[in-house]
Amino acid sequence: MDGQAPASWRNLPRKNQLALLALCRVVDFFQLASFQTICYYQLKSFSPSALATPTEEQRLSWQTGVASASFTATQSCTAILWGYIADTKWVGRKNVLLVGLVGTCLSCIGVAFSTSFVSVVIFRACGGMLNGTVGIVHQSRAFLLLPASFSVASIIGPVSAGWLSDPAKTYPTKFGGVDWLRTYPYSLPSLLSALLLILMSIAVLFNLNETLDGFSPTIHLTKNIGKLFSGTPVTGQEACIQDHAPLLKDEIEMNTIDSSSLDPNEFKARLPFRKIWTRNVVLTLVTVAVFEFHLGAFGSMWPLLLSSPKEASSQKDEISPIFRGGLGMGPRNLGYATAFMGMAGLALQLLLYPTVHSKLGTLKCYRVFSLLFPAAYALAPFLVVISGSLSIASAAEAVTWVCILVLLSIHITGRIFCIPVSITLLNNCAPHPSVLGIVHGIGQSTSATFRTMGPICAGYLYGIGHVKGMIGISWWTISATALVAWLASLLIREGSGYEIILPGDICKEDKETMV
């Protein structure tokens, strides 16, 4: 709205409640980051006697992609259902949040003691299916804290997972004699996630306020039972009433949508569903879908590149660079590399993003910084060449780490600037205010679908690259995909929700006058 102060922590209402919701997302992101760090190593530990052949690496690459995507796949399928259940008086938002936290906790415990790829996928899928925290937290302006929550979790999650992985081997004098740690070498990171989730659920149980006005499942049930015995019918309309708490209006903004001040209910005319699919809507959906796809693919391929075994020097061609194998890092070094992304992202978000975005604007900001992704993906395979090109091991490791940090800096800069503006572009492309919610829902479903497909396709392509001795196949394919997302952005325009004017509309000028 005009005259409204920019959203910041200082002007956010109910800070204690929003901080608790933000902590829920930190813990949720923590378990995701922790699992991605150990996924490859845990799956590899199920067959310790298997030879490190290209075929075996192909299988592990594909399994890693599927295991990484299983959580988000089921989460995206049930998010709308959990959101609907959260808005009913029978359950409420707080209880759905508790189900998500406890359900994900049980999933982490199951993964900790899994002994097969199938069991890992099943437990991760069940955790995602029960996890309704995304829809609940996004209903408030705590959305503004989500990027910071992701960055914090990206710092502590991978580092802690790296330090806790295979303790019987890493710390033999202290844990070498613990039988269950030898049997389940990668259980501690998942158990730590489970502990944090259960502690968070206790904090939510005793400190988070329910935001449905008059919510009381006991009173609601007793009232309806009384009506049944008295012969008074309980109407479906009464059973489905959803009274929301009297929150401040700026507490329920939808994901920083520029046109969120437009209330679709104020427009008598409604745009038919078949007319939603304007050229700008379709192109924006394509842009965001491809963007989410290559982000998901990077999240799967990056740990594979760092953790896959190095190619034996005797198998390398001394004349031409060979893109075979990986960097052969352990969980601890992988955790450090991933944590750097979190630290750099947090710094960029706090120091540069507000200023740069205000100067460039939403669409130009996306077009400029989305060009960083194709460059980062195209350069990634050369890390293997650099790592094996220097004869002195210490020098090779130092140069490799410098190149890793430079590449990650390029990627995280694009990520920090493009993710928020892509959400804004998606929601503002609605051709009419009456279909803002529909377009938002379509966009979120599309994003979730393609972000889930990314790791699976990336794992498959990465495995093919291992077999053919050319890991660049997957990276350069994703680089081309990211370039397609940038090219599509050149064809879209930043919408305002007023592309189509219907009879009976409140025109923009009239609404601004009313405000």
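For region 439-472, which positions are in a helix (DSSP H, G or I), touching a Leu at 6+ places or on another chain (Cβ under 9 Å), among the β-branched types (V, I, T) and buried (at least 19 other Cβ atoms within 10 Å of the Cβ)?
Matches in region 439-472: V439 only.
List pairs: first residue in region 81-102 and at positive phi, second residue part of a helix (DSSP H, G or I) anywhere in the structure, Cβ distance under 9 angstrom, at least six positions apart or on different chains.
G92/I85; G92/A86; G92/P217
With the condition kept exactly as written, say whether any residue in region 427-438 is modelled with pLDDT under 80, under 30 Å from I500 (Cβ atoms) and not in a helix (DSSP H, G or I). I'd like the intermediate steps shown before the answer.
Initial filter on region 427-438 (modelled with pLDDT under 80): 427, 430, 432-438.
When the remaining residues are screened for being under 30 Å from I500 (Cβ atoms), the result is 427, 430, 432-438.
Next, only the ones that are not in a helix (DSSP H, G or I) stay: 430, 432.
Within region 427-438 (the criterion being modelled with pLDDT under 80, under 30 Å from I500 (Cβ atoms) and not in a helix (DSSP H, G or I)), the answer is yes, since at least one residue qualifies.
State yes or no: is S391 under 30 Å from V121 (Cβ atoms) and at pLDDT below 90?
Criteria not met by S391.
Within region 391-410, is even one residue within 22 Å of G296 (Cα to Cα), of a type in the set (S, T, Y) and crowded, with 19+ Cβ neighbours inside 10 Å?
The answer is no; no qualifying residue exists.
Table: residues versus (1) touching a residue at least 60 places away in the same chain (Cβ under 8 Å); (2) within 20 Å of the chain's Cα centre (by Cα); (3) under 30 Å from R274 (Cα atoms).
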residue	(1), (2), (3)
V368	no, no, no
L372	no, yes, no
V385	yes, no, no
S389	yes, no, no
A398	no, no, no
V402	no, no, no
L407	no, no, no
H432	yes, no, yes
H466	yes, no, no
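I500 is checked against (1) in a helix (DSSP H, G or I); (2) surrounded by 17 or more Cβ atoms within 10 Å (Cβ to Cβ); (3) at pLDDT below 90; (4) in contact with a Pro (Cβ under 8 Å, 6 or more places away or on another chain) and fails just one. What number does that condition carry?
Only one criterion is unmet by I500, namely (1).
Of all the residues that make up region 70-98, how many are closer than 20 Å to Q17 by Cβ and at pLDDT 90 or above?
1
Is it the case that region 144-164 has a residue that's buried (at least 21 other Cβ atoms within 10 Å of the Cβ), over 23 Å from the mean Cα position of the chain (by Cα) and at pLDDT 90 or above?
yes
Say we look at region 165-174 and pick out the residues that are part of a helix (DSSP H, G or I) and within 31 Å of the chain's Cα centre (by Cα); which of these is surrounded by the fewest Cβ atoms within 10 Å (Cβ to Cβ)?
Of all residues in region 165-174, those part of a helix (DSSP H, G or I) come to 167-170, 172-174.
After this cut, where a residue has to be within 31 Å of the chain's Cα centre (by Cα) as well, the list is 167, 170.
Working: P167: 19, T170: 17.
Result: T170.
Exactly one condition in (1) touching a strand residue (DSSP E or B) at 6+ places or on another chain (Cβ under 7 Å); (2) closer than 19 Å to A153 by Cα is false for G100; which is it?
With (1) touching a strand residue (DSSP E or B) at 6+ places or on another chain (Cβ under 7 Å); (2) closer than 19 Å to A153 by Cα applied to G100, the lone miss is (1).
Scan region 428-468 for residues that are under 18 Å from V290 (Cα atoms) and of a type in the set (F, W, Y) and report the count.
Here the count works out to 2.
Does Y40 fit the bill of being crowded, with 23+ Cβ neighbours inside 10 Å, out of contact with any Cys (no Cβ under 8 Å at 6 or more places or on another chain) and part of a helix (DSSP H, G or I)?
When the stated conditions are applied, Y40 passes them.
Is it the case that some residue within region 59-68 is within 22 Å of S190 (Cα to Cα), hydroxyl-bearing (S, T, Y) and within 18 Å of the chain's Cα centre (by Cα)?
Quick first cut of region 59-68, residues within 22 Å of S190 (Cα to Cα) only: 60-68.
Now narrow it down to the ones that are hydroxyl-bearing (S, T, Y): 61, 64, 68.
Now restrict to residues that are within 18 Å of the chain's Cα centre (by Cα): 64, 68.
Yes - at least one qualifying residue is present in region 59-68.
For region 271-298, which residues satisfy the criterion of being charged (D, E, K, R) and either surrounded by 15 or more Cβ atoms within 10 Å (Cβ to Cβ) or without any contact (Cβ under 8 Å) to a residue 40 or more places away in the chain (or both)?
The answer is R274, R279, E292.
Which one of these is surrounded by fewer than 19 Cβ atoms within 10 Å (Cβ to Cβ) and either hydroxyl-bearing (S, T, Y) or touching a residue at least 24 places away in the same chain (Cβ under 8 Å) (or both): S47, S70?
Numbers: S70 fails: surrounded by fewer than 19 Cβ atoms within 10 Å (Cβ to Cβ).
Result of the check over S47, S70: S47.
Of all residues in region 93-122, which are surrounded by 20 or more Cβ atoms within 10 Å (Cβ to Cβ) and not in a helix (DSSP H, G or I)?
Result: S114, single match.
The values are calculated or read from the model by the stated rules, or taken from the named source; none is laboratory data. The structure displayed is predicted, hence computed values, not measured ones. As a convention, Cβ positions derive from the backbone with ideal geometry for all residues, glycine included, and neighbour counts pool all protein chains shown.
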